[in-house]
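Here is the structure we will look at.
The values are calculated or read from the model by the stated rules, or taken from the named source; none is laboratory data. Just so we're clear, the structure is a prediction, and the values are computed from it rather than from any experiment. So basically every Cβ, Gly included, is an ideal-geometry build from the backbone, and we count neighbours across all protein chains shown. Just the protein is used for accessible areas: all its heavy atoms, side chains included, with ligands, DNA and RNA removed. Shrake-Rupley method; radii C 1.70, N 1.55, O 1.52, S 1.80 Å.
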Amino acid sequence: MPEPTTTTSELSSAEQAALAARLGPEMFTRRMAVQHQIEVDPESDEAGPINVQRMVRRMRILSGFLHTVGVAQWGRRNMLAVRREENTLRLRGLPSQFRGRRLLHLADLHADIDAGIIPSVIRAIGDWEYDAVVLTGDYRAHTRHEWGTALNLCRDLANTLRPAVPKFAVLGNHDALEMVPGLEALGWRVLLNEAASWRLGGAELWIGGVDDEHTYGTADVTRVRSAIPVGACALLLSHTPSTYAEAAAAGFAGMLCGHTHGGQMCLPGRIALLNNAHAPRFVLSGSWNFKGMNGYTSRGAGACRVPARFFCPPEVTRHTLEAP
């Protein structure tokens, strides 16, 4: 059942202190201030440097237009036709024990925009073999009010994932900090400007995760990198690709992200009409390289604002780890 409208008051003082310590006190204060602004301001579905309210109005107009011209159902069918994508992710310094290991990458589920998304994702994953799961944020479709519906739908997904493999996650710009206990109850280790090690046969691959930079401005790449041993092979999870330059400068070998949806509604040939990230186009979809750091930006599994996709299919991705 959906939860009621949520505020920080639903977190105990101990829970708030724990989240502040994990995220960083300054970033915690900043994030909660923006979340409060989003909740109380009826003219804002989202904060940030882009006039999102204007964008939301345009999306509502677009949604009505799609219904008027009779292509809304076509767009929804496209949205639910989740594809499998395979990618080789080459990480410098990768220990030999991790070569050939596979990461299942899930991004931008936006589970509560349409009840068909999670079943479509589950079908797409099917019998795929994988050794770990990474989730790069946006579990709910809205930025205000309740998140219980999204968590319940994500629980259905969590119940189908291989139980023995590690699962690392970050929050997106549609996710509230208060969702962390519920996500971690699913067995997903949420990284709040934190790092965790994945151990195999005495070797380690470090997984770092930053908080959302797009809306909240609370990504702290430096804090994450400082939690990782010097010289260790490290992979960064970031909801948005906008942290790519800072991640490369910090010495990350790779970066996985989402947020862009690949454009979601594109011209034929996947030509995106809209860039919703503060980043150059070369990092907006698929595999890319920047100054020796290899990255991948998922088109995402769900949809944002309008439950439709055109010429930009949703994806679940399996990355095979290799050395350069």
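Couple of notes before you dig in:
- Residues of the range 162-183 satisfying the condition of being farther than 16 Å from A111 by Cα and either more than 15 Å from the chain's Cα centre (by Cα) or hydroxyl-bearing (S, T, Y) (or both): R162, P163, A164, V165, P166, E178, P181
- Considering (1) at pLDDT 95 or above; (2) surrounded by fewer than 20 Cβ atoms within 10 Å (Cβ to Cβ); (3) out of contact with any Pro (no Cβ under 9 Å at 6 or more places or on another chain), the lone condition that V316 does not fulfil carries the number (2).
- Residue satisfying all of: in the range 226-257; of a type in the set (S, T, Y) and not in a loop (DSSP other than H, G, I, E, B); surrounded by the fewest Cβ atoms within 10 Å (Cβ to Cβ) among these: S226
- Of all the criteria given as (1) part of a loop (DSSP other than H, G, I, E, B); (2) of a type outside the set (S, T, N, Q); (3) in contact with a Lys or Arg (Cβ under 9 Å, 6 or more places away or on another chain), the one not satisfied by D127 is (3).
- The set of residues in the range 174-212 being modelled with pLDDT of 95 or more, in a loop (DSSP other than H, G, I, E, B) and open to solvent by 20 Å² or more (accessible area, probe 1.4 Å) consists of L186, G187.
- Index of the failed condition, V71 passing every other in (1) touching a strand residue (DSSP E or B) at 6+ places or on another chain (Cβ under 9 Å); (2) aliphatic (A, V, I, L, M); (3) surrounded by fewer than 16 Cβ atoms within 10 Å (Cβ to Cβ); (4) modelled with pLDDT of 85 or more: (4)
- Residues of the range 97-155 that turn out to be aromatic (F, W, Y), more than 18 Å from A308 (Cα to Cα) and either open to solvent by less than 10 Å² (accessible area, probe 1.4 Å) or without any contact (Cβ under 8 Å) to a residue 40 or more places away in the chain (or both), as a count: 2
- Selection count, the range 291-309, where residues are modelled with pLDDT under 95, open to solvent by 10 Å² or more (accessible area, probe 1.4 Å) and basic (K, R): 1
- Residues in the range 213-220 include none that are of a type in the set (D, E), touching a residue at least 24 places away in the same chain (Cβ under 8 Å), open to solvent by less than 20 Å² (accessible area, probe 1.4 Å) and in a loop (DSSP other than H, G, I, E, B).
- Residue list for the range 285-311, filter: more than 22 Å from E322 (Cβ to Cβ) and of a type in the set (A, V, I, L, M, F, W, C): A301, A303, C304, V306, A308, F310, F311
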